[in-house]
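Undergrad: Okay, here's the structure, questions in a sec.
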Amino acid sequence: MKPNRFLSNYVGEEVSSYLYKEEDFAEFKRFDMGESAFPFTPKVFDEIKKFNESDMHDYPDPCLFELKKKIAEIFKVKPEMVTTGAGSDEIIELIPRLLLNEGDKALAIIPTFFRFLDSVARMNCEITMIHTKEAESFAINDNIIEKIIREANDDGVKLIWLCNPNNPTGVMMSLEQIKQVLDKTDCFVVVDEALHEFIDPTFKSSAVKLIDGRKNLLVLRSLSKAYGLAGIRFGFGIGDEETISFFEKFRLPYNSSTLSQKVALAVLKDHEHLKRTVQKTSEIKSELIKELKTISGIHIASETMTNTILLKHKDKDLFSDLHKRKVLVADFRNANGLEGRGYVRIIVRDKDMNDFLVKELRDICS
Ligand SMILES: Cc1ncc(COP(=O)(O)O)c(C=O)c1O
């Protein structure tokens, strides 16, 4: 079959090809995905026990009243400022579909989360890439912000993706930098904060603060990362009421199941659990990084603020060497902006798993 004109140039399968090979993942120790190292709050099981027949028989609440009220309370906004998705990924897919016409461009800081590029490619639109530098630890500094503003104003760019903190590098942008982009361009700006709880479980430094009547800002959050609920598929976006009513009109009405709504509400209510998870993740990550730094030839790309670490070896192919030992890490050897440099991304897991990875890396690099 042939795809339609929007998908004619789409190369999605190449982007994440290693996920589609016929390998038995059960044989692998996995460090490739982005889940939390720690379990979600046990209160989720109390909620699941209350599940009754109508919760499965009837359609879910398409307006997500209770859940939006809770999200609004956390972020100190109105419930009308919240839209939802089956994971924030669904909203990432929807944004270019709603906002880009043929010939429009989107802009992203590279390297970044591949789905920003993917969702734009599915609309047959181009991406303007602003490359951060390896020699500067992929920092998003004021030079990068200036470049974004210049390119966005010169280039017919309609959409800007900002990932804060960024995946895979884990580096941060300041609210002041994001504000500059908002103030100095007319583009629609998406600030993806899927990993933001790892830097601030209090929500105080979220870009939601910058909405303040702006119609061109959407802040995305996810329950898949620090909350530990990747399997539930729930994410949300916060923006001005007018912006959100537009997104709500076009999202699928029943994109969140009753199960995901109830479970999401339970985790959002247990703020103490989130704070503990973030604290434990930070401690275990510091230990892991300390160990990694003692392995000869390993280079850690950036000062990561999240649960992911981007690294390479000065001359070894870490992806292949680990793969041979049945250890799967995320393959960034040919990711945009990192081509040919041998990078892989690992996820912080529990102590035993981290120790195992360090041991394998020591063996490979000895
Ligand atoms: C930066 C970033 N944004 C969004 C997502 C999508 O998350 P989900 O669809 O699980 O909410 C991910 C997942 O890896 C991510 O790393």
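Undergrad: If you check every pair at least six apart or on different chains, which have Cβ atoms under 8 Å apart with a residue in the range 54-72 that is over 23 Å from V219 (Cα atoms) first and a residue that is in a loop (DSSP other than H, G, I, E, B) and open to solvent by 40 Å² or more (accessible area, probe 1.4 Å) second?
TA: As it stands, the answer is Y59/Y254; P60/Y254; P60/S257, since those pairs meet every condition given.
Undergrad: Looking at the range 170-180, which of the residues that are within 16 Å of the ligand (Cβ to nearest atom) and in a loop (DSSP other than H, G, I, E, B) is most open to solvent (accessible area, probe 1.4 Å)?
TA: M172
Undergrad: Any idea which residue in the range 182-218 is surrounded by the fewest Cβ atoms within 10 Å (Cβ to Cβ), counting only those that are within 12 Å of the ligand (Cβ to nearest atom) and more than 23 Å from E272 (Cα to Cα)?
TA: Taking the candidates together, the pick is V191.
Undergrad: Ok, one more. If only one of K316, K324, K351 is of a type outside the set (G, A, S) and either out of contact with any helix residue (DSSP H, G or I) (no Cβ under 8 Å at 6 or more places or on another chain) or under 22 Å from K133 (Cβ atoms) (or both), which one is it?
TA: Values: K316 fails: either out of contact with any helix residue (DSSP H, G or I) (no Cβ under 8 Å at 6 or more places or on another chain) or under 22 Å from K133 (Cβ atoms) (or both); K351 fails: either out of contact with any helix residue (DSSP H, G or I) (no Cβ under 8 Å at 6 or more places or on another chain) or under 22 Å from K133 (Cβ atoms) (or both).
None of the other options fit; the residue is K324.
Undergrad: Shifting gears a bit: Looking at H131 and the list (1) crowded, with 18+ Cβ neighbours inside 10 Å; (2) in contact with a Gly (Cβ under 9 Å, 6 or more places away or on another chain); (3) more than 21 Å from S224 (Cβ to Cβ), which single condition is not satisfied?
TA: Result: H131 fails condition (1) only.
Undergrad: Scan the range 118-139 and report the pairs whose first residue is under 21 Å from S8 (Cα atoms) and charged (D, E, K, R) and whose second residue is open to solvent by 50 Å² or more (accessible area, probe 1.4 Å) and not in a strand (DSSP E or B), with Cβ atoms within less than 7 Å and a gap of 6+ or a chain change.
TA: These pairs meet every condition: D118/V15; R122/F6; R122/L7; R122/Y10.
Undergrad: Can you tell me how many residues within the range 146-164 are out of contact with any strand residue (DSSP E or B) (no Cβ under 9 Å at 6 or more places or on another chain) and either at pLDDT 95 or above or surrounded by 19 or more Cβ atoms within 10 Å (Cβ to Cβ) (or both)?
TA: 3
Undergrad: Criterion first (surrounded by 17 or more Cβ atoms within 10 Å (Cβ to Cβ) and not in a loop (DSSP other than H, G, I, E, B)) does L268 satisfy it?
TA: Yes, satisfied.
Undergrad: Out of I284, I298, I238, I244, which single residue is within 16 Å of the ligand (Cβ to nearest atom) and either of a type in the set (V, I, T) or touching a Cys at 6+ places or on another chain (Cβ under 6 Å) (or both)?
TA: Every option except I238 fails the conditions.
Undergrad: Please specify each residue of the range 21-47 satisfying the condition of being open to solvent by 40 Å² or more (accessible area, probe 1.4 Å) and part of a helix (DSSP H, G or I).
TA: Correct list: F25, A26, E27, K43, F45, D46, E47.
Undergrad: Of the numbered conditions (1) within 15 Å of the ligand (Cβ to nearest atom); (2) of a type outside the set (G, A, S); (3) crowded, with 18+ Cβ neighbours inside 10 Å, L252 satisfies every one except a single condition; which is it?
TA: Evaluating L252 over (1) within 15 Å of the ligand (Cβ to nearest atom); (2) of a type outside the set (G, A, S); (3) crowded, with 18+ Cβ neighbours inside 10 Å leaves (3) as the failure.
Undergrad: Can you spot a residue in the range 100-109 that is among the acidic types (D, E) and part of a loop (DSSP other than H, G, I, E, B)?
TA: Yes, that holds for at least one residue.
Undergrad: So, in the range 181-215, how many residues would count as being more than 23 Å from E90 (Cα to Cα) and part of a loop (DSSP other than H, G, I, E, B)?
TA: Total satisfying the criteria: 10.
The rows are residues; the columns are (1) within 30 Å of R325 (Cβ to Cβ); (2) open to solvent by 20 Å² or more (accessible area, probe 1.4 Å); (3) in contact with a Phe, Trp or Tyr (Cβ under 8 Å, 6 or more places away or on another chain); (4) not assigned by TED's automatic domain parsing to the domain that holds V208.
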position: K49; (1), (2), (3), (4): no, yes, no, no
position: E53; (1), (2), (3), (4): no, yes, no, no
position: H57; (1), (2), (3), (4): no, yes, no, no
position: K70; (1), (2), (3), (4): no, yes, no, no
position: K76; (1), (2), (3), (4): no, yes, no, no
position: I91; (1), (2), (3), (4): no, no, yes, no
position: F114; (1), (2), (3), (4): yes, yes, no, no
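Undergrad: Can you name every residue in the range 285-341 that is part of a loop (DSSP other than H, G, I, E, B) and touching an Asp or Glu at 6+ places or on another chain (Cβ under 6 Å)?
TA: Applying the first criterion (part of a loop (DSSP other than H, G, I, E, B)) to the range 285-341 yields 294-297, 301-307, 314-317, 325-326, 332-341.
Scanning the range 285-341 gives R325, K326.
The values are calculated or read from the model by the stated rules, or taken from the named source; none is laboratory data. Bear in mind that the values here come from a model prediction, so they are computed numbers and not experimental data. For neighbour counting, all protein chains shown are included, and Cβ atoms are generated from backbone atoms with ideal geometry for every residue, glycine included. With ligands, DNA and RNA removed, areas are computed over all heavy atoms of the protein, side chains included. Shrake-Rupley method; radii C 1.70, N 1.55, O 1.52, S 1.80 Å.
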